[in-house]
Amino acid sequence: MSKPASLAAVAAWMLTAWALAAPAPAAAQSPRPEWTIATDAAFDASSIAPYEGRHDRVYARIDRDLDAHLAQLQRWVRQRSISAQDDGIDAMAQLVADDLRELGFQEVEVVQTPGHPGVFGHYDAGADRTLVVYMMYDVQPVEENWRIADPFAGELVDHELGTVLMARGATNQKGPQRAFLNAVGAILQEHGTLPVNLYVVAEGEEELGSPNFGAVIEPYLDRLRDADGAFFPMNIQMPDGSVALNLGVKGIIYFELEARGGDWGGPAKAEVHGSLKAMVDSPALRLVQAIASMTSADGNTILVPGYYDAVRPPSDEEQRLINGLARRADDAALQKAFGVSRWIDGMRGRDAIVRNLFDPTLNINGIWSGYTGEGMKTILPHVATAKIDSRLPPGLEPEDAYRMIREHLDAEGFEDIALRRLSGYPAAATPVDAPLVQAAIGVFNRYDASPRVAPWLAGSAPFYQFTRTLGLPFVFGGLGHGAGAHAPDEYMLVRPAEGVKAAGLAEIEKSYVDLLYALSEAESD
């Protein structure tokens, strides 16, 4: 290289020389951990012996009374109970309480809370084992475009899968819950008692994030903690008869971020003319930049310091469950069902399963500001808001997540961005070797529905109240198929068409009978 002729050239020459001599900068390291699966062993639910008990008198009772049992499901869905609108809530709580009394529960209370009431019931069979049954009696609001005139009429509808009960709440969750109580009633009618003691704890705010469920169970904590497990009746079969059994859920935080004009800049009281952007800060752009600072440019890696650090790695048991899931994974079918063409980074198989279960998320549910109508309106809005949720794997606690997000925004200069907490609760998980889980899998196997078993669901529910507050193993699921939860044309299959392998109402109720007896006979830990 020839000698440069000026100071500017000297500087340029030196910078070039340093650049040639210096090592290439290392690629930025992602804060997302890479989880290691250190075993090829896989959990196989079919290896658990099918439940072999026979309860023919009870099964025959269910078959004889099936029309009356179906009428009970219709009765439940016909009672409106939209929690978001306080529509029919008190009447539904009273209906649940009255039904427990009618079944013979010796203790029943409508439990007042700061929000909607709960229901507590206890049936003392003098048995060795006790099961807590969780129920939610509230439903979502009703949308337009149902194929039936009244979503609360509880109509039976001819469907490609067979005869279905179509109604709001049919599958989420009134149908399977009343089916469980039908099974309890059939046992009592035939034998006069139950194989296990039962507690029922029901809430009317699940669709609101269960803000007061703790108040429902608080008066009974010591009694509930002495139970052997907790169960949530739920339809989890697909039409082909397959079952996905999840042993827990991720936690969640749900919050709003808001940018509003003020001392930092931007219009403070109302929108202004869009031409003023040359001189006036934009709260909408500030909100977008604050949110963007929380993730990588593609939106797929959370950049909030420490956010991944608390997530615990897969245990040996969870690694075996993951391997079992991977052996039956069908990415293409899932992508088709969700209407997406690919997973992030082209993941497939076990890698996608691990990411879905063990990565926290940061997701914009909605974002709005200013004018969004037809045509043009050139304004600079004074406020912008976004609703955001973050799903939390075991180890990442809600309080820590909120704290880290607030600290990140402040460190990035967004102290003025308001963070309003709307909900938050931790993850929940139950070990696969818990007697209740083993009993449930044995019942599924009896009905040729050996489940795919996951350590938890990537979605969220306040099931920590059972696994952490009460310290109980918790199973949510059961035979039966339904669809349309939170959507038009919600249904529960009651009489399957020929070739449909999902259980109908009679088989659902018989499987609940089997579960209660299987738990009563299960070996202790």
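What to note about this one:
- Hz values of 3J(HN,Hα) by residue in the stretch 229-234 - Karplus curve (6.51, -1.76, 1.60), Gly and Pro given as x: x, 10, 9, 10, x, 7
- Listed residues Met166, Phe180, Pro195: farthest to the positive end of the dipole of the stretch 128-220 (Cβ charges): Pro195
- Estimated inter-spin distance, Gln289 and Glu374, nm [label 7 Å along Cα→Cβ]: 3.6
- FRET E, pair Ala497, Ser242, Förster distance 22 Å, beta-carbon r, rounded to 0.05: 0.80
- Close amide H pairs (under 5 Å, H built 1.01 Å from N) link Arg129 with Asn197, residues at least 5 positions away or on another chain.
- Contour excess over end-to-end distance, with Cα ends at Gln189 and Arg101 and 0.36 nm allotted per residue: 30.2 nm
- Spacing of the modelled spin labels on Asp158 and Gln72, each 7 Å from Cα toward Cβ, amounts to 3.0 nm.
- Taking amide H as placed 1.01 Å from N in the peptide plane, the amide H of Leu457 sits under 5 Å from that of Leu247, Gly248, Val249, Lys250, each at least 5 places away or on another chain.
- Fully extended contour minus Cα-Cα distance, from Lys387 to Ala60, at 0.36 nm per residue: 112.6 nm
- Averaging the sequence gap over all C-alpha pairs within less than 8 Å and six or more residues apart, then dividing by the number of residues, gives the chain a relative contact order of 25 percent.
- Estimated 222 nm signal from helices in the chain, with DSSP H stretches of n ≥ 4 weighted -39500 (n - 2.57), rounded to 500: -9500 deg cm²/dmol
- Projecting the Cα atoms of Pro233, Ala337, Tyr307 onto the charge dipole of the stretch 211-357, computed from C-beta unit charges around the Cα centre, puts Ala337 farthest toward the positive end.
- Model label sites at Gln94 and Leu276, defined 7 Å from Cα along the beta-carbon direction, differ in position by 5.5 nm.
- Ratio of Rg to Rh over the chain (Cα coordinates, Kirkwood Rh, two decimals): 1.06
- Summing Cβ point charges (Lys, Arg +1; Asp, Glu -1) relative to the Cα centre of the stretch 250-378 gives a dipole of roughly 280 debye.
- Loop-located trypsin sites (Lys or Arg not before Pro) across the stretch 99-161 with a Cβ neighbour count of 14 or fewer within 10 Å are Arg147, with loop assigned by DSSP.
- Zone of Asp44's modelled label, taken as backbone nitrogen in the stretch 419-447 under 17 Å from a point 7 Å along Cα→Cβ: 442, 445-446
- Applying a DSSP loop filter and a limit of 14 other Cβ atoms within 10 Å to the GluC sites (Glu not before Pro) in the stretch 338-445 leaves Glu374, Glu415.
- Note, ³J(HN,Hα) from phi for the stretch 73-86, Karplus 6.51, -1.76, 1.60, rounded to Hz, x at Gly and Pro: 4, 5, 4, 5, 6, 6, 7, 4, 7, 7, 5, 5, 10, 6
- Based on Cα contacts under 8 Å between residues 6+ apart, the stretch 247-337 shows a relative contact order of 16 percent.
- Difference of contour (0.36 nm per residue) and Cα-Cα distance, Arg225 to Thr361: 45.8 nm
- Mean separation of Cα contacts under 8 Å (6+ apart) over length of the stretch 84-241, as relative contact order %: 34
- Put simply, the amide H of Ala483, placed in the peptide plane, has neighbours under 5 Å in Tyr491, leaving out anything fewer than 5 places away on its chain.
- 21 Å Cα cut-off, lysine pairs counted over the chain (separation 8 or more, or different chains): 6
- Simple point charges give the picture: +1 on the Cβ of Lys and Arg, -1 on the Cβ of Asp and Glu, and for the stretch 373-450 a dipole about the Cα centre of about 320 debye.
- Couplings 3J(HN,Hα) of the stretch 344-351, computed from phi: 3, 6, x, 4, 8, x, 5, 4 Hz, in residue order, whole Hz [Karplus 6.51 cos²θ - 1.76 cosθ + 1.60, θ = phi - 60°; x for Gly and Pro].
- The peptide list 214-221, 475-482, 285-292, 365-372, put in order of mean Cβ contacts within 10 Å with the highest first, becomes 475-482, 285-292, 214-221, 365-372.
Bear in mind that the values in this text are calculations on the coordinates, not laboratory data. Computed from a predicted model, the values in this text were never measured in an experiment. Glycine also receives a Cβ, built like all others from the backbone with ideal geometry; neighbour counts cover every protein chain displayed.
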